[in-house]
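Inspection log for the structure reproduced underneath, given as structure tokens.
The values are calculated or read from the model by the stated rules, or taken from the named source; none is laboratory data. All figures in this text were calculated on a predicted structure; none of them were measured in a lab. Reconstructed Cβ throughout: ideal geometry from the backbone, glycine too, with neighbour counts over all protein chains shown. Side chains included, ligands, DNA and RNA excluded: accessible areas come from the protein's heavy atoms. Shrake-Rupley method; radii C 1.70, N 1.55, O 1.52, S 1.80 Å.
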Protein chains: 4
Amino acid sequence: MAYSGGSIRLQDLLFEPKDNLIDQSMSSRSAETPTNGDGFGVGWYGKWERPGLFHSIRPAWNDSNLRDLAANIESPLFMAHVRATSLSTVQETNCHPFRYNHWLFVHNGEIFEIEKFRRNLLMAVDPKYFENILGSTDSELMFHLALSFGLEQNPIEGMARMVGFVESTGKKHGVPESMWMTVGLSDGKTLWAFRYASDGNAPTLFHSREVSELIGINPAIQDRLSANTRVVVSEPIGKFRDMWAEVPQGSSITIKDGSIEHHSFQAMTIQSV
Amino acid sequence: MAYSGGSIRLQDLLFEPKDNLIDQSMSSRSAETPTNGDGFGVGWYGKWERPGLFHSIRPAWNDSNLRDLAANIESPLFMAHVRATSLSTVQETNCHPFRYNHWLFVHNGEIFEIEKFRRNLLMAVDPKYFENILGSTDSELMFHLALSFGLEQNPIEGMARMVGFVESTGKKHGVPESMWMTVGLSDGKTLWAFRYASDGNAPTLFHSREVSELIGINPAIQDRLSANTRVVVSEPIGKFRDMWAEVPQGSSITIKDGSIEHHSFQAMTIQSV
Amino acid sequence: MAYSGGSIRLQDLLFEPKDNLIDQSMSSRSAETPTNGDGFGVGWYGKWERPGLFHSIRPAWNDSNLRDLAANIESPLFMAHVRATSLSTVQETNCHPFRYNHWLFVHNGEIFEIEKFRRNLLMAVDPKYFENILGSTDSELMFHLALSFGLEQNPIEGMARMVGFVESTGKKHGVPESMWMTVGLSDGKTLWAFRYASDGNAPTLFHSREVSELIGINPAIQDRLSANTRVVVSEPIGKFRDMWAEVPQGSSITIKDGSIEHHSFQAMTIQSV
Amino acid sequence: MAYSGGSIRLQDLLFEPKDNLIDQSMSSRSAETPTNGDGFGVGWYGKWERPGLFHSIRPAWNDSNLRDLAANIESPLFMAHVRATSLSTVQETNCHPFRYNHWLFVHNGEIFEIEKFRRNLLMAVDPKYFENILGSTDSELMFHLALSFGLEQNPIEGMARMVGFVESTGKKHGVPESMWMTVGLSDGKTLWAFRYASDGNAPTLFHSREVSELIGINPAIQDRLSANTRVVVSEPIGKFRDMWAEVPQGSSITIKDGSIEHHSFQAMTIQSV
């Protein structure tokens, strides 16, 4: 989940979304949202140079540090992430978001059979970024490959090159369709989201419609959201499904000041190593 | 889950139950057994004075300490427990089993609205046992009340008095039907299990049938289980449901050397404080 | 450590105190300040109703959640605490500060041989405050006894009654001199600190002098601290020992808007139970 | 610390060493052994295929899982390790011992300025061993480099090649003297220990003398240790310093069935990458 809009307390979206845009928290223990014990994280932009990070390997609903932080932090742009079925160790350094300077990155999905070529991917990370890798997930590695392929200069192209490189390296090691992802990315001003899979069947991704439309659907949110609010989620949550628009397979969106641009997103061919 | 029988490695029941008595681990991530991030614990009897305990607030399937312990510990009598929906803090001192000397205790269920009379229950714990309370769960408090009411001398009567006391104290504070429980209890030789609720609607409880019967149902388990093996579980797990017999509401079972005795179980009236 | 003054980022005092008022962090790994693995906590007042809390059982110097929180939280009044030799379990619910509504409480020291009369102390906690006890420390119990004895109406008298009650209960159980403490307490506006021991030999306690005096001692701090800044610490830290004034045995101080009042502090006799 | 001898409960050496060979536990909170919150680990050989591991980021003296495990595990060969000042993240995957199949590895010391050439070292790890790297320490990387250089076939030569490779890679990146280590290594039958530093000034390392000699020094240990017992430690602990013999700089020892062989240990030149 990623939020961009007027400055709000994190808890307004994470813990108190009743009758709000999201009326059922991603971190709640509802029957519909199966609980998840593999790690939680939130990254937020404040008034200082670097975004803040909070990572936890405890259930989000029962982490009192998280609750107090969410009650005391306001931010106009933040991302939260719940880790699902993953083979990597459950430890804080494996929790999303990952950070490099003012960049934040979250990922759902996986690189299939990465154990066959993780070392090759790691060797392609630019030495400049290498020491910023703290954990052992495929997600963090994807981020640092994208950085190595120019994400800071051109986020969408950096991501496209990363995907192309992972796919070609995977093929070389006998994995024909290795990439399966939705990704959230931000530099603190713009929010990008990507939906892509090698086999065309990526996890779902949704963005909220314009606030003026949302109020028509659910008048209760009036006065709660600034006009430029946009939220990106993995699944349409809450009882007002019409609030959400699906991001198509093989595409990316760029959110800034409430406006959304859509782009087709494809892998760029990169020679594997 | 509680095991009594020939000495086996814990992992044989916790992590490798394929085509075995239990062919689907309580700790597995199956769709049928919703995962649980609120704490895991195992207690086992070995060759020394006190049973061993391992408590973890991480998902059991991803705790490498637990996996190594389960691979290296053999025991003829052990209990494992996964905490579900509970309001108490997620911390190791709130994980089951609870221990007093050579006694182990696990509980599913809850004392309804205990926040209205927890203090009264706590004040009824005998000073002799008071300092053995390490956490803040209703379960641990139930155990220490039962100890205070004579569990060490007569386990079933101690439990019955505890239930009676909780119910009468609850009533006094406006909670007409406060007890909802299944409980496993052992002194290292005998295994007791209890199923009781004030409203007659306790959580489910099952015990495995005689090993000779089990082999008729699932020949694959031959040579894997000693003749005196008995397993107690909250739900009939695995594909061979006939292996399991339900423990009736308002009853207890006493397992020793593979034999099972059934008793009716009722609250004994105790004056509340 | 407790800070009262102009709003500053927590890290300015916790992690970056070079050439500052405190030029050696309590959380640093210096040889003089032996490291401590028994738990860390910080509580801060922000712009919302309740103070925030962060508790950790990891070393403060290596907790990345803490570092990010300290970089992103500003506060005009906060307390930090490092747990030292204690017999209680190392868990977050045992970390200071303890909180009740808008009150925060930290404690150094211990109640001697409390295991002989903890139950008696616990029974004296008013039911109104009882469910706010989350952990198992003597410190948290002291706070809730003081609340039960009127701390919210009169902080110093509530503390004095609490001390008297602990001492008389201790004596009844064969502990002639049971109390050993320094305590920090706040309601978000005023900061109180107490130094007291039954045997007259409490842990040390210091407060910083007036900022105008501090600048004379260490000109480097000019422009870094607001005129009404006061810091309370257990030990005079940093190279400028003259910056600190010792709080005498058997006394308390009351800090508000930079001014300090001194009071004698004595136990008030309360009948034990 | 590493133990080789008759099968003993881990706690006999870790928690109850009074008047024993080691009368002051490495995990104790004594003034002489500064406490350490950066991680604890123990690895032991039992009767099964793989050694067991227990890793903890909590203080050893306050980890109840460790105490119960140590009370219930017997082993004729085990290693325990306390992490000291290290820059790597405090997480369980960074705790020693590290394991590959039946091999265990512990390390004190560090590779100086490894951040300048970590990536180059990592690229030299054989793909066969690469996926066994779970954490981010220099120690684990040293182990996997030694494996890549033939440790399984010839432990001492594998270690010597690893050291040579690290030193030559370090030099290439401007670090003239990069290696500083004592290492413990075992395959479950033999115990090796190494003391080496590029500048000839490695951390200290000691081994216990023959049990017959030990009894002369401290008669209290008679009947407690089998005749073939040998213990290796970083510092001579306990009041009987004569029990310990120092391992010289630039040497290794090989312990099997109570006998000790001494070897000179030098780096073997390997081309850096």
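What residue, of C:Gly200, C:Gly170, is more than 23 Å from C:Gly150 (Cα to Cα) and of a type in the set (Gly, Ala, Ser)?
Matching residue, one of C:Gly200, C:Gly170: C:Gly200.
Which numbered condition in (1) out of contact with any Pro (no Cβ under 9 Å at 6 or more places or on another chain); (2) surrounded by 21 or more Cβ atoms within 10 Å (Cβ to Cβ); (3) of a type in the set (Ser, Thr, Tyr) is the only one that C:Ser212 fails?
In the conditions (1) out of contact with any Pro (no Cβ under 9 Å at 6 or more places or on another chain); (2) surrounded by 21 or more Cβ atoms within 10 Å (Cβ to Cβ); (3) of a type in the set (Ser, Thr, Tyr), C:Ser212 misses (2) alone.
Within segment C:87-106, track down each residue that is part of a loop (DSSP other than H, G, I, E, B) and either within 11 Å of C:Gly41 (Cβ to Cβ) or more than 14 Å from chain D (Cβ to nearest Cβ) (or both).
C:Cys95, C:His96, C:Pro97, C:Asn101, C:His102
Before we move on, is D:Ser208 at pLDDT 95 or above and among the polar types (S, T, N, Q)?
It is false that D:Ser208 is at pLDDT 95 or above and among the polar types (S, T, N, Q).
Working only within segment B:252-273, note down all residues that are free of Cβ contacts under 8 Å to residues at least 60 places away in the same chain and charged (D, E, K, R).
B:Asp257, B:Glu261
If we only count strands (runs of 3 or more DSSP E) wholly inside segment A:195-273, which ones have 1 or more residues that are farther than 23 Å from A:Glu157 by Cβ?
Filter on segment A:195-273 gives A:206-208, A:230-233, A:244-246.
Regarding C:Arg50, is this residue under 19 Å from the mean Cα position of the chain (by Cα), at pLDDT below 95, more than 12 Å from chain D (Cβ to nearest Cβ) and open to solvent by 10 Å² or more (accessible area, probe 1.4 Å)?
yes
Go through segment C:107-127 and report how many residues are assigned to a loop (DSSP other than H, G, I, E, B), within 22 Å of C:Gln153 (Cβ to Cβ) and open to solvent by 10 Å² or more (accessible area, probe 1.4 Å).
Adding up the residues that qualify gives 2.
Inside segment B:61-86, can you point out the residues that are open to solvent by 40 Å² or more (accessible area, probe 1.4 Å) and either within 14 Å of chain D (Cβ to nearest Cβ) or modelled with pLDDT of 95 or more (or both)?
Result: B:Ser64, B:Arg67, B:Glu74, B:Pro76.
Which residues, counting only those in segment B:130-144, are within 10 Å of chain C (Cβ to nearest Cβ) and in contact (Cβ under 8 Å) with a residue 12 or more places away in the chain?
Selection gives B:Phe130, B:Leu134, B:Gly135, B:Ser136.
Any chance segment A:226-248 includes a residue that's under 20 Å from A:Ala160 (Cβ atoms), surrounded by fewer than 17 Cβ atoms within 10 Å (Cβ to Cβ) and over 14 Å from the mean Cα position of the chain (by Cα)?
Within segment A:226-248, one or more residues are under 20 Å from A:Ala160 (Cβ atoms), surrounded by fewer than 17 Cβ atoms within 10 Å (Cβ to Cβ) and over 14 Å from the mean Cα position of the chain (by Cα).
Looking at segment A:188-204, which of its residues are in contact with a Phe, Trp or Tyr (Cβ under 8 Å, 6 or more places away or on another chain) and crowded, with 19+ Cβ neighbours inside 10 Å?
Hits for segment A:188-204 are A:Phe194, A:Arg195, A:Tyr196, A:Ala197, A:Ser198, A:Ala202.
From (1) in contact with a Ser or Thr (Cβ under 8 Å, 6 or more places away or on another chain); (2) touching a residue at least 40 places away in the same chain (Cβ under 8 Å), pick out the condition that doesn't hold for C:Gln249.
Evaluating C:Gln249 over (1) in contact with a Ser or Thr (Cβ under 8 Å, 6 or more places away or on another chain); (2) touching a residue at least 40 places away in the same chain (Cβ under 8 Å) leaves (1) as the failure.
Is it the case that D:Phe112 is at negative phi, modelled with pLDDT of 95 or more, within 14 Å of the chain's Cα centre (by Cα) and more than 9 Å from chain A (Cβ to nearest Cβ)?
No.
Does B:Arg195 satisfy the criteria of being touching a residue at least 12 places away in the same chain (Cβ under 8 Å) and within 19 Å of the chain's Cα centre (by Cα)?
yes
Report yes if B:Pro176 is open to solvent by less than 30 Å² (accessible area, probe 1.4 Å) and either touching a strand residue (DSSP E or B) at 6+ places or on another chain (Cβ under 7 Å) or in a loop (DSSP other than H, G, I, E, B) (or both), otherwise no.
No; evaluated as a whole, the condition is false for this residue.
Name the pairs: first residue in segment D:201-215 and within 16 Å of D:Thr254 (Cβ to Cβ) and without any contact (Cβ under 8 Å) to a residue 60 or more places away in the chain, second residue open to solvent by 60 Å² or more (accessible area, probe 1.4 Å) and of a type outside the set (Val, Ile, Thr), Cβ to Cβ under 6 Å, at least 6 apart or on different chains?
As it stands, the answer is D:Phe206/D:Glu246, since those pairs meet every condition given.
So the check is Cβ under 6 Å with 6+ separation or different chains; which pairs have a first residue in segment A:59-86 that's assigned to a helix (DSSP H, G or I) and a second one that's at pLDDT 90 or above and acidic (Asp, Glu)?
none
Criterion first (within 19 Å of B:Gly184 (Cβ to Cβ), open to solvent by 10 Å² or more (accessible area, probe 1.4 Å), at pLDDT 90 or above and within 12 Å of another protein chain (Cβ to nearest Cβ)) does B:Tyr45 satisfy it?
Answer is yes for this residue.
If a residue has to be under 18 Å from C:Thr269 (Cα atoms), open to solvent by less than 30 Å² (accessible area, probe 1.4 Å), hydrophobic (A, V, I, L, M, F, W, C) and part of a helix (DSSP H, G or I) to count, how many in segment C:128-163 make the cut?
Selection size over segment C:128-163: 9.
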